[in-house]
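Undergrad: Sharing a structure here in structure tokens format.
Derivation of every value follows stated rules applied to the coordinates shown; laboratory data play no part. What you see is a predicted model, and the numbers here were worked out from it, not measured in a lab. Glycine also receives a Cβ, built like all others from the backbone with ideal geometry; neighbour counts cover every protein chain displayed.
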């Protein structure tokens, strides 16, 4: 692998950096977007169950907030009622919507960077290709006439390797980055829909607790 990187020349190093960064982002998103960290399936039912008679204590609300991203949204509703038991339904919805927007921002973290890598990697590969072509034409213009008989074969081979390796490596970085970006984008959208429906059901429940 290192011999390939050497043959591709200096233009491949930005692509190597992009590949390392993309791998780190993919691992981080896989870790952060686990369902137990975002929206545990039974969390909403448990929150409704413990608050059928009254609003839970601050300690319980704090535990709920630390449970998951959905827990943060539900905890914001409990806190709003603890602060103002006579809060209006519209204000309660606004608070939950604000918490939902913060949750969406947290879930979408680093997705823009992954999309940027997917878009930039082919361009970086194209840059390496252009540099390789410049090396090729430079080797053919060195005193060999129009036919290139006096060109430097070693420099010609180096230019071709730079062009081809960079093109291939750029695609090798861009294609997986694009696939994972689309996968995480769909996963986040699914979580956001789940949280929106949960918040709507939770608002109806909180309305029964308002004084």
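Undergrad: Subtract the Cα-Cα distance of residue 60 and residue 160 from 0.36 nm times their separation in residues, and report this length gain in nm to one decimal.
TA: Between residue 60 and residue 160, full extension yields an extra 29.5 nm.
Undergrad: Fewest first, what order do 10, 181 take by the number of other Cβ atoms within 10 Å?
TA: Ordered by Cβ neighbours within 10 Å, fewest first: 10, 181.
Undergrad: Sticking with this structure for a sec: Can you sort 105, 205 from fewest to most other Cβ atoms within 10 Å of each residue's own Cβ?
TA: 105, 205
Undergrad: Could you list 106, 34 so that the one with the fewest beta carbons within 10 Å of its beta carbon is first and the one with the most is last?
TA: So the ranking, lowest neighbour count to highest, is 34, 106.
Undergrad: What is the Cα centroid distance between the stretch 18-73 and the stretch 101-118, reported in whole angstrom?
TA: Here the answer is 17 Å between Cα centres.
Undergrad: Would you please give the FRET efficiency between residue 42 and residue 13, computed as 1/(1 + (r/R0)^6) with r the Cβ-Cβ distance and R0 = 45 Å, to the nearest 0.05?
TA: 0.40
Undergrad: Angle between the Cα long axis of helix 89-107 and the longest principal axis of the chain, 0 to 90 degrees, nearest 10?
TA: On a 0 to 90 degree scale, this one is about 30.
Undergrad: If R₀ is 30 angstrom, what is the calculated FRET efficiency for the pair residue 90 and residue 197, using the beta carbon separation as r and rounding to 0.05?
TA: 0.95
Undergrad: Using only Cα atoms and rounding to the nearest 10 degrees, what angle (0 to 90) does helix 58-67 make with the longest principal axis of the chain?
TA: Helix 58-67 and the main axis of the chain meet at about 30 degrees.
Undergrad: For helix 153-209, what angle does its Cα long axis make with the longest principal axis of the chain, in degrees from 0 to 90 and rounded to 10?
TA: The angle comes out near 10 degrees.
Undergrad: Hey, another quick one. Can you give the three extents of the C-alpha atoms in the chain along their principal axes, from longest to shortest, in whole Å?
TA: Over the chain, Cα extents along the principal axes are 93, 29, 21 Å.
Undergrad: Estimate the FRET efficiency between residue 205 and residue 175 by the formula 1/(1 + (r/R0)^6), using the beta-carbon distance for r and 35 Å for R0, to the nearest 0.05.
TA: Efficiency for this residue pair is about 0.15.
Undergrad: So, one more: Using only DSSP helix segments of four residues or longer, with each worth -39500 (n - 2.57), what per-residue ellipticity at 222 nm results for the chain after dividing by its residue count and rounding to 500?
TA: Computed ellipticity for the chain at 222 nm equals -27500 deg cm²/dmol.
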